[in-house]
Amino acid sequence: MSMQIGIVGKPNVGKSTFFSAATEATVDIASYPFTTIDANVGVMYVRAKCPCKEFNVKCNPNNSKCIDGTRLIPIEAIDVAGLVPGAHEGRGLGNKFLDDLRQADAFIHVIDASGGTDDEGRPCEIGSHDPLKDVEFLEEEICYWFAGILEKDWKRIARQCEVGKIKFEKMLAEKMAGLKISEVQIHRAIMNLGLNPDKPSDWNDRDILNFAFELRRISKPMIVALNKCDLVPKEDIEKIISRLKEKGYMGVPTSAEAELALRRASKAGLIKYTPGAGDFEIFDPQKLDEEQKKALDFIKEKVLDTYGSTGIQECIEKAAFDLLKLIVVYPVEDEHHLTDKQGRVLPDAYLMPKGSTARDLAYKVHTDLGEGFIKAIDARTHRVVGADYELKDGDIIKIVAKA
């Protein structure tokens with residue numbers, strides 16, 4: 001499971017509740033800063049249409065799950081210590097927070113959309129804090145962290161590139177490899193800003209900072225979870241979403257507490273609820289006490305009927321499919337029976353970046369398959385495709401390789 005999404009935000013905004021709701025993991029949840037100290041790692045799932053219904057077969061998922069024709073594919077989630085202003089200088093748990101995020105491919109930034117949490121993560125009167133300030137501060141902290149890494153040895157790297165004609169993007173990629181940043185992403189950031197990669201010694205501090213901001217945008221895209229959306233009128237949430245859009249961010253209204261409550265009630269057998277659904281079904285109202293009934297009524301009215309869902313599943317899937325532009329591909333050994341060597345039907349579902357090729361899939365399944373690649377076969381059309389064939393969402397592919 002190589003994809004990782006970081007759940008980020010300042011303390012006390014519902015970040016750990018979001019993580020618990022999304023992963024069903026048990027973590028400490030409390031209304032005070034720094035409840036989370038060590039990063040929590042869990043598994044979230046994105047939904048895709050399983051081909052089992054299309055082919056009228058019973059699948060045997062291996063690396064994922066299938067519930068009534070919906071394939072649930074895992075993505076790793078990491079919930080890190082809450083970030084406070086000055087984190088890149090080591091304030092709060094800043095250094096640890098940033099270090100824990102090195103391998104994240106994208107961020108879900110959880111904010112308190114009700115405006116009931118101040119800069120430091122302390123509870124304050126609802127509406128007294130502007131949630132957009134949190135989005136700006138978190139982006140700044142991450143970008144200053146990037147800039148700090150870039151500035152170390154900058155003159156030496158610039159000199160080596162200009163004198164020795166070593167490719168600047170390649171050297172920077174080696175320097176930033178620990179942050180899962182590629183040479184291609186570095187090249188794109190440089191081109192987008194119109195900077196000269198042949199004369200990095202001419203870049204000033206402002207150029208380096210702008211480059212850090214652009215590199216963050218490209219290498220670690222961010223979606224904003226407008227948490228606690230049930231505490232304020234819908235119009236207020238819509239205004240925040242509109243303001244976020246102006247700044248180039250996608251915003252999703254969420255209620256992590258509602259999602260966690262629904263998942264727990266479902267697990268306890270009190271209700272039938274599918275994550276991402278817009279409603280739930282109570283099995284036996286007699287089994288619910290007054291407090292539980294009141295809580296479920298509140299969730300139905302203030303969250304599900306108002307927003308269509310709790311937003312948690314939508315957030316995860318928008319991060320995977322809209323931000324990271326992932327597609328789902330099903331590799332098989334036998335294109336006629338859709339099985340692997342063990343005879344399991346449609347065993348694996350892989351998340352691949354859009355634009356990936358048949359050879360990329362071969363490498364993802366096993367290095368030997370990539371290196372020995374001969375051809376691939378589209379199981380739907382039974383047509384032979386080459387190494388450069390661009391995979392489509394939902395493809396079922398057989399890889400043929402040298403033994």
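Among (1) over 14 Å from G308 (Cβ atoms); (2) surrounded by fewer than 20 Cβ atoms within 10 Å (Cβ to Cβ); (3) not hydrophobic (A, V, I, L, M, F, W, C), which single condition is K234 missing?
Answer for K234: the failing condition is (1).
If you check D130 against the conditions, is it under 17 Å from the mean Cα position of the chain (by Cα) and at pLDDT 90 or above?
On the way: under 17 Å from the mean Cα position of the chain (by Cα): no; at pLDDT 90 or above: yes.
No, not satisfied.
Out of (1) out of contact with any Asp or Glu (no Cβ under 8 Å at 6 or more places or on another chain); (2) charged (D, E, K, R); (3) within 23 Å of R217 (Cα to Cα), the odd one out for R159 is which?
In the conditions (1) out of contact with any Asp or Glu (no Cβ under 8 Å at 6 or more places or on another chain); (2) charged (D, E, K, R); (3) within 23 Å of R217 (Cα to Cα), R159 misses (3) alone.
Look at segment 96-139 and say how many of its residues are under 23 Å from L209 (Cα atoms), buried (at least 18 other Cβ atoms within 10 Å of the Cβ) and acidic (D, E).
The total comes to 4.
Can you say whether T339 is at pLDDT 95 or above, surrounded by fewer than 19 Cβ atoms within 10 Å (Cβ to Cβ) and among the hydroxyl-bearing types (S, T, Y), as far as the supplied structure shows?
Criteria met by T339.
Which of the residues belonging to segment 163-181 are in contact (Cβ under 8 Å) with a residue 24 or more places away in the chain and touching a helix residue (DSSP H, G or I) at 6+ places or on another chain (Cβ under 6 Å)?
Scanning segment 163-181 gives F168, E169, I181.
Which members of segment 46-73 meet the condition of being surrounded by fewer than 22 Cβ atoms within 10 Å (Cβ to Cβ) and under 20 Å from G311 (Cβ atoms)?
Those that are surrounded by fewer than 22 Cβ atoms within 10 Å (Cβ to Cβ) and under 20 Å from G311 (Cβ atoms): R47, T70, L72.
Can you report the number of residues in segment 355-376 which are more than 21 Å from D393 (Cα to Cα) and exposed (fewer than 14 other Cβ atoms within 10 Å of the Cβ)?
Here the count works out to 4.
The values are calculated or read from the model by the stated rules, or taken from the named source; none is laboratory data. What you see is a predicted model, and the numbers here were worked out from it, not measured in a lab. Glycine gets a Cβ as well: all are built from the backbone with ideal geometry, and neighbour counts include every protein chain shown.
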